[in-house]
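Chemist: Sharing a structure, written as structure tokens. Questions coming.
Values quoted throughout were computed directly from the atomic coordinates according to the rules given, and no laboratory measurement underlies them. Please read these numbers as outputs of a predicted model, since none were measured by experiment. Here Cβ is always computed from backbone atoms with ideal geometry, including for glycine, and neighbour counts include all displayed protein chains.
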């Protein structure tokens, strides 16, 4: 099920280190508009950091990232984060929505206000328009009746769906999910994954870091396997799970054969 | 991977109500702050005569200057009459400025007033600081004992006895020189005489006018021995004001020679052989001691409960005005503390390294030094570098700057209690750091900080009593004034305590209410380690994405 489209995301030689070592080593990838991409790999392989670099939650050390026409790049020799770079990062965040592993809805605001806040503050949308839009998105993720509730009264699955609606309210070109279901009770996982499938059907470009191999295999356009800070292999789910080319991929997937069989 | 934890959090209603407090309180504080910063409307400049501003301490008590027992709004005393006569002679209008007795000379240097007259002794130490007029009064020290005391007839009998007097006074040093081993010092004469009567002291040594007024009418106490030592009171002026000194001296000489001063001393029962020597006036009394009689009348122990209650009712206007001062200073100081504290906390956590360190330095320095010293420094110290503040502004600044350090720590605790994920979530939505702080982090932090901040206001209300040292007549100062006038620390004390309690009560209730509401306000989403390297704000290091 290949989709047509020019690369919406272009990543080239992305490098990132923390105090305790190199986390991303020359990662390069192109992702087309409308793709649903799953990123898998062992703990500490750099997949979360990769995702966080894409919307500048972490600043890359060197390389360049272009998403929907906005480019952030560094040569690795700069002494400071200069203003143009930070402005590009700010623009990037507006184009890229992100949902985190742990729920971080704003507890002092209702679900509706959570969804409306960023459009009001960042995009200066008119309140009426923001409200209408927010209610539409909440309906889309199945939370129409929960608009007036506070986050603390939601289940984990509902909270993650609300987070997705909140990110969508900024009209992002790309949605990123950092293990969005890992912290959920098993029976709540599917309602969240279903939202992503629905968005995929609408043509949203999405990247999901996940441990749900069945979802990765069945729903993604392709799967990226990362290990040791590098992209080891990138292929269609069926191909990757049945005939991985790389020994490291095979080793990793051995733990999951039962789950996806 | 972390297991998902259901977050305990405040219920929607609680969040709403907490939000309302913030919304109601904040504009209130801003309003008060504004009111305080707007300079007072100048009084009607009707006085055609130039003002002779004079400083004294009404708490010094009778017979120097004190609230009239018959009408506590009126200031009376033999020194009040002298100043009025002097001003009259100079064609001026006497304008009283209240200041604590210990600070009368600093207040003079600070140009709070131009002359000070309040039993200031002409001593070599004082003369280094200020100029004195020729003495207007000469007196001596008087030893007092209980009526049944047989063993003490002079200072020499006191070496092994317990003797009370005012701290740092001429009497105190006289006792030290006489070799008295057990000297108890007091802030005011009333408590010393009460302790003498109760047997805690064997004797007291005071300036004769004080002895006359606080023990002279008391049948339980008697004077023993003759005059001890000699001291002279003068009017203090700044060294540079030589022209004013000349005019004041001229006025004193005139009042002495015309017999005006003699008449004042007669009325107040303060004429004595040493005065006769000083003025070379050995004639009999010109007037009856009418003012002394009035005073003694009010000190009678057979004062009935009904009369006493009526007297307390008469205190209410004075205490009411003082309560307004206390409340104004406290509210304005708290407004300052709340705003500045927030700024300090934000600077400390989010500011660039240098500013952050400066904020820490400020907080530690302020918290490590007594607020009393800070008030003195602001009011009496800053004028040396040209910054002269009104007592009100100085009081608000002193208390506000002090409490800001404490509020900063409250806010910091609040800010640190907001999980870093909240900031990340807001940034990921495209908000700037400031927008994220303003809309996401701060509202949550303030909810957590609200109970301790409200509690602090209650202690600030009480600490505001310190402004009495910088010439303000707040509740505590009014208490001292009324108590010394009426010889009544007990009833007045209960009355003042009740007023403090009533002032603080709304805030006590507010604090309890916020505590109850916030007790369950543990933040949602606080699952550390979910993303990135830091689960929460680290104290020492800022996360990379800020």
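Chemist: Most exposed first by the Cβ proxy, i.e. fewest other Cβ within 10 Å, how do B:86, B:387, B:76 rank?
Modeler: Placing the least packed residue first, the sequence is B:387, B:76, B:86.
Chemist: Would you mind getting me the FRET efficiency between residue B:367 and residue B:129? Use the beta-carbon distance for r and R0 = 51 Å, nearest 0.05.
Modeler: Plugging the Cβ-Cβ distance into 1/(1 + (r/R0)^6) gives 0.95.
Chemist: I've got another one for you. Per DSSP H run of at least 4 residues, take -39500 (n - 2.57); add these up for the protein assembly as shown, divide by its residues and hand me the 222 nm value, nearest 500 deg cm²/dmol.
Modeler: -15000 deg cm²/dmol
Chemist: Continuing with the same structure: Which whole-number percent gives the relative contact order of the range B:309-518, counting Cα pairs below 8 Å spaced six or more residues apart?
Modeler: 29
Chemist: Once a ≥ b ≥ c are taken as the square roots of the eigenvalues of the Cα gyration tensor of the range A:162-261, is the result rounded (a/c under 1.5), prolate (a/b larger than b/c) or oblate (a/b not larger than b/c)?
Modeler: It is prolate, given that a/c is not under 1.5 and a/b is the larger ratio.
Chemist: Below 8 Å, C-alpha to C-alpha, sequence gap of six or more: please give me the relative contact order for chain B in percent. Please report the intermediate quantities before stating the final value.
Modeler: Details: 799 pairs, mean separation 104.2, N = 546.
Value for chain B: 19 percent.
Chemist: If eta is 1.567 mPa s and T is 4 °C, what Stokes-Einstein diffusion coefficient results for the protein assembly as shown, Kirkwood Rh from Cα pairs, in µm²/s?
Modeler: Estimated diffusion coefficient is 40 µm²/s.
Chemist: Whole number please: convex hull volume per residue of the Cα set in the range B:202-358, in Å³? Working shown, then result.
Modeler: Details: hull volume 46.6 nm³, N = 157.
So the per-residue hull volume is 297 Å³.
Chemist: Moving to a separate point now. Considering just Cα atoms, how many Å³ per residue does the convex hull of the range B:309-518 enclose?
Modeler: 135
Chemist: Which shape class applies to the range A:92-177: rounded if a/c is under 1.5, otherwise prolate when a/b exceeds b/c and oblate if not, where a ≥ b ≥ c are the square roots of the Cα gyration tensor eigenvalues? Working shown, then result.
Modeler: Working: a/c = 1.60, a/b = 1.14, b/c = 1.41.
Note, shape of the range A:92-177 comes out oblate.
Chemist: Find the Cα radius of gyration of chain A, compare it with 2.2 N^0.38 Å by division, and give the number to two decimals.
Modeler: Here the answer is 1.01, to two decimals.
Chemist: Can you give the angle from 0 to 90° between the axis of helix B:391-417 and the longest principal axis of chain B, with both taken from C-alpha atoms, to the nearest 10?
Modeler: Roughly 30 degrees between the two axes.
Chemist: In nanometres, what is the gap between the two model label sites at residue B:508 and residue B:288, each 7 Å from Cα along Cα-to-Cβ?
Modeler: Placing both labels 7 Å beyond Cα along the Cβ direction yields 5.0 nm.
Chemist: For the range B:137-233, what size does the Cα cloud have along each of its three principal axes, sorted from largest down, in whole Å?
Modeler: Principal extents (largest minus smallest coordinate, Cα): 32, 29, 25 Å.
Chemist: Can you tell me the Rg and the Dmax, both Å, for the Cα atoms in the range B:72-113?
Modeler: 11.7, 30
Chemist: Using only the alpha-carbon atoms, how far is helix B:475-486 inclined from the longest principal axis of chain B? Give it as 0 to 90 degrees, nearest 10.
Modeler: Value to nearest ten degrees: 20.
Chemist: Report for the range A:7-260 the percent antiparallel among DSSP-assigned beta bridges with both residues inside it, nearest 5.
Modeler: Of all bridge pairs located within the range A:7-260, approximately 60 percent are antiparallel.
Chemist: Using a simple spin-label model with points 7 Å from Cα along the Cα→Cβ vector, what separation in nm is obtained for residue B:187 and residue A:136?
Modeler: Spacing of the two 7 Å Cα→Cβ label points: 7.1 nm.
Chemist: Given R₀ = 60 Å, what would the calculated FRET efficiency be for residue B:501 paired with residue B:250, taking r from the Cβ atoms and rounding to 0.05?
Modeler: 0.70
Chemist: If you don't mind, another one. Between residue B:462 and residue B:360, take the C-beta separation as r, use R0 = 25 Å, and let me know the FRET efficiency to the nearest 0.05.
Modeler: On the way: r = 27 Å, r/R0 = 1.09.
Step by step, r from the Cβ atoms, then E = 0.35.
Chemist: For chain B, find the longest principal axis of its Cα atoms and tell me its angle to the long axis of helix B:78-89, 0 to 90°, nearest 10.
Modeler: Between the helix axis and the principal axis of chain B, the angle is about 80 degrees.
Chemist: Only bridges whose two residues both fall in chain B count here: according to DSSP, what percent of them are antiparallel, nearest 5?
Modeler: 60
Chemist: So what is the relative contact order for the range A:1-109, in percent, with contacts set as C-alpha pairs under 8 Å and at least six apart? It would help to have the intermediate numbers written out before the result.
Modeler: Details: 148 pairs, mean separation 26.2, N = 109.
It comes to 24 percent, rounded to a whole number.
Chemist: Volume per residue, Å³, of the convex hull around the alpha-carbon atoms of chain B?
Modeler: Hull volume normalised by residue count: 200 Å³.
Chemist: In addition: In which sequence would A:67, B:183 go, from the one with the fewest C-beta neighbours within 10 Å to the one with the most?
Modeler: The fewest-first ordering by Cβ neighbours comes to B:183, A:67.
Chemist: Regarding the range B:111-155, what's the average projected area of the Cα-atom convex hull, expressed in nm²?
Modeler: 5.4
Chemist: 7 Å from Cα along Cα→Cβ at both residue B:160 and residue A:197: what's the point-to-point distance in nm?
Modeler: With each label placed 7 Å out from Cα toward Cβ, I get 10.5 nm.
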